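The values are calculated or read from the model by the stated rules, or taken from the named source; none is laboratory data. Everything numeric here is computed off the predicted structure, so don't read it as measured data. Virtual Cβ from ideal backbone geometry, glycine too; neighbours counted across all protein chains shown. In case anyone asks, the SASA skips ligands and DNA or RNA and just uses the protein heavy atoms, side chains included. Shrake-Rupley method; radii C 1.70, N 1.55, O 1.52, S 1.80 Å.
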Amino acid sequence: MTLVDDVNATPHLNGALCLGLGALRHADKLHVSKKKTSKLLGSVDIEKALKPTQPQAHTWDYLVGVQEGNVTRIHWIEIHPASSTGNIAEVTAKMSWLINWMEATPLAQYPRSVVWVASGKSVFNSRSPGLRKLASRGLKFAGSHLVL
């Protein structure tokens, strides 16, 4: 099956895959770009797609599929403030939701990266204990811009 098939087979995501980075909200597009050589397979606004069925959930923001050689990789991207230590707890809760939700979908089979992109100025650096703890769970902090 392809990424398109697996997105469409995921409950509440059928038809949600957009071309390129088309699913990203306008303000969030400033924080994500692609290399000229990257082959984007599409993007999904997870939060928007699941809002009708999970209005109170702390959902992750986006899925972006990228073809890397013969491998399809999913980049799970959260664009969220990084201006206080409280933001680490928020992203931790969102990451827990993502892992639990994703594992019950066909999307769990893909190699993945889970990335937090700061939506504004960040008070963290690579030695921040909260970021190190998130990194040990597989999250990458990209600062204020992610290049795919």
Looking only at residues that are closer than 25 Å to residue 87 by Cα and charged (D, E, K, R) in the stretch 25-56, which one is most open to solvent (accessible area, probe 1.4 Å)? 48
Tally up the residues in the stretch 62-75 that are out of contact with any Lys or Arg (no Cβ under 6 Å at 6 or more places or on another chain) and either open to solvent by less than 50 Å² (accessible area, probe 1.4 Å) or assigned to a helix (DSSP H, G or I) (or both), please. 6
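Do you know which residues across the stretch 65-80 are of a type outside the set (A, V, I, L, M), farther than 10 Å from residue 3 by Cβ and in contact (Cβ under 8 Å) with a residue 60 or more places away in the chain?
The answer is 75, and nothing else.
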Tell me the residue from 144, 126 that is surrounded by fewer than 12 Cβ atoms within 10 Å (Cβ to Cβ) and not in a strand (DSSP E or B), please. 126
Of (1) more than 19 Å from residue 109 (Cβ to Cβ); (2) exposed (fewer than 14 other Cβ atoms within 10 Å of the Cβ); (3) touching a Leu at 6+ places or on another chain (Cβ under 7 Å), residue 4 satisfies every one except (1)
Could you run through the stretch 88-120 and say how many residues are assigned to a helix (DSSP H, G or I) and open to solvent by 10 Å² or more (accessible area, probe 1.4 Å)? 14
Which of (1) surrounded by 14 or more Cβ atoms within 10 Å (Cβ to Cβ); (2) at pLDDT below 95; (3) not small (Gly, Ala, Ser) is the odd one out, the single condition residue 85 does not satisfy? (1)
In the stretch 6-15, is there at least one residue being of a type in the set (D, E, K, R) and free of Cβ contacts under 8 Å to residues at least 60 places away in the same chain? no
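Within the stretch 11-20, is there a residue that is part of a strand (DSSP E or B) and either surrounded by 13 or more Cβ atoms within 10 Å (Cβ to Cβ) or within 15 Å of the chain's Cα centre (by Cα) (or both)?
yes
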Residue check for residue 59: open to solvent by less than 70 Å² (accessible area, probe 1.4 Å), assigned to a helix (DSSP H, G or I) and touching a residue at least 40 places away in the same chain (Cβ under 8 Å): no
Which residues, counting only those in the stretch 81-96, are in contact with a Pro (Cβ under 8 Å, 6 or more places away or on another chain) and touching a residue at least 40 places away in the same chain (Cβ under 8 Å)? none
